[in-house]
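**Student:** Here's a structure for you.
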Amino acid sequence: MTLFRDLIHNLFYIITPVFLYYTFWSRYTHERRRSLYFLIFFALCAASMLLSMMFPVEISGFQFDFRYLAVIFALLYGSWVLALVLFLVQAGYRLILIGASDPGFYLFFSALSFAGFYLLSRHYQSFNLRKKAACYLALLAVICSLSAVFSFSRFTDNRLDMLTYMSQFFLLYAIVSLLLIYTIERMITNQRMKEDLRKSEQLRTVSELAASVAHEVRNPMTVARGFVQLMQSSSSLTNSEKKYLQLTISEIDRAQHIISDYLNLAKPKDPSFKTISVSHALDEVRHTIQAYALMNNVSVFLDVPSGLKIRGEEKEFMQVLLNLCKNGIEAMPDGGKLFLTAALAGSTVRIGITDTGTGMTNEQVRQLGRAYYTTKDKGTGLGLMVSFTIIRSWGGQIDVKSEPGNGTVFTIILPAESADEPLHPDYEKQTAETVKQ
């Protein structure tokens, strides 16, 4: 009964801080308050760790606590800085609590655990739940095995005791860790579902607004298009003037298509996907934005291999590219460079739009794609929202990497349709080299 009580107490110490953080503080990620929430997360982890050390579990004459779980999960779900600070707090409290007992085993096991789980944390978030649990257990088993074989401890004279101790340690940590991983992943999933639901509500609001004003907007545009066509038929116009009027008509038509796209957000439509040549689309986009780029003292560079193809609707794809390119140009008020790149990465095509502009903070990047959120003085944020929606509906995604003062990289990732040659470049390295050039 005492063992069961101690286990329940330690589970309470470990799980309660997780519930508290993800319930009350994880939603608030504003840059100006990031240090405050870092301190809150640290305080909860430290309290969990110290309580577990104060009230250990005793099994077969051996004492166990969950001090390492705070450090391990800080590495996997927080940062190595937080984990290192927690480890130092743990070491200091251990020195005060039990003195310098068995320092060789403690330092060996701690260093091995920190290094192992730090390496795992580099790829941990890209795994699914099953793979996360499997990798965690495999690494824990390796660490326990190495500690049982190579460490110096009070069990040196009796290896059987050492193997028994580490076996019980592994089983206890494995059970509690799996419970903790499952709990955290479920909380993260629930938060993402709430975020998706909120975005869906915003999308519905925008769609209803677009539907309500579409008729009123289309009427004057139709009238304007008609008068421009009448002016174009005049015999007194020069070739340049006719060219300008034709460009005006094409832009009015494009605005009509954009209005239709906003309306399509509110209602599903039958997909009519066709094969799209990425190099042709990007080359056309470059020519379309060239004049606008020159007006803003921006140079446009294109580096796209031939043979890259995707499936989608060409008008929507062009709309996405133009939105992102226009945003990139407007992010460089003092001029700069805009790079359009593409590469085949495995079974996906990665299309990069890189600017050397003002950049964004992490908080601003997280807000992108939300209705009416924009970093521009005159903007609505609807263009990016539509772009994100289009790419997601095609089974792709848009990744954004940005730093204030160092520009922004928008990466469109879409399933590859086919390629004339098997290209497997390191996309991010290629993009970085292109920017340097």
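The values are calculated or read from the model by the stated rules, or taken from the named source; none is laboratory data. Since this is a predicted model, take the numbers as computed values, not measurements. Positions of Cβ are generated from backbone atoms using ideal geometry, with glycine treated the same way; all protein chains shown enter the neighbour counts. Ligands, DNA and RNA are excluded from the accessible area calculation, which covers all protein heavy atoms including side chains. Shrake-Rupley method; radii C 1.70, N 1.55, O 1.52, S 1.80 Å.
**Student:** Please enumerate the residues belonging to the range 167-190 that are of a type in the set (A, V, I, L, M) and closer than 19 Å to residue 127 by Cβ.
**Tutor:** Those that are of a type in the set (A, V, I, L, M) and closer than 19 Å to residue 127 by Cβ: 174, 178, 179, 180, 181, 184, 187, 188.
**Student:** Might you check whether a residue that is open to solvent by 10 Å² or more (accessible area, probe 1.4 Å), of a type in the set (D, E, K, R) and either at positive phi or part of a strand (DSSP E or B) (or both) occurs anywhere in the range 315-331?
**Tutor:** no
**Student:** Residues that are of a type in the set (Gly, Ala, Ser), modelled with pLDDT of 75 or more and surrounded by 14 or more Cβ atoms within 10 Å (Cβ to Cβ): find the helices (runs of 4 or more DSSP H) completely inside the range 1-89 holding 1 or more of those.
**Tutor:** 34-54, 67-77
**Student:** Spot the failing condition for residue 362; the list is (1) open to solvent by 40 Å² or more (accessible area, probe 1.4 Å); (2) modelled with pLDDT of 85 or more; (3) within 19 Å of the chain's Cα centre (by Cα); (4) not charged (D, E, K, R), and only one is missed.
**Tutor:** Of the numbered conditions (1) open to solvent by 40 Å² or more (accessible area, probe 1.4 Å); (2) modelled with pLDDT of 85 or more; (3) within 19 Å of the chain's Cα centre (by Cα); (4) not charged (D, E, K, R), the odd one out for residue 362 is (2).
**Student:** Could I ask something else about it? Look at the range 327-357 and say how many of its residues are at pLDDT 90 or above and among the charged types (D, E, K, R).
**Tutor:** Going through the range 327-357 one residue at a time, the tally reaches 3.
**Student:** For the subset of the range 95-151 comprising residues that are under 19 Å from residue 53 (Cβ atoms) and not in a helix (DSSP H, G or I), which member is modelled with the highest pLDDT?
**Tutor:** Taking the candidates together, the pick is 102.
**Student:** Determine the pairs where a residue that is within 12 Å of residue 340 (Cβ to Cβ), located within the range 268-281, has a partner that is in a strand (DSSP E or B) and modelled with pLDDT of 90 or more with Cβ atoms under 8 Å apart, the partner being 6 or more residues away or on another chain.
**Tutor:** 278/309; 278/310; 278/342; 278/349; 278/351; 279/342
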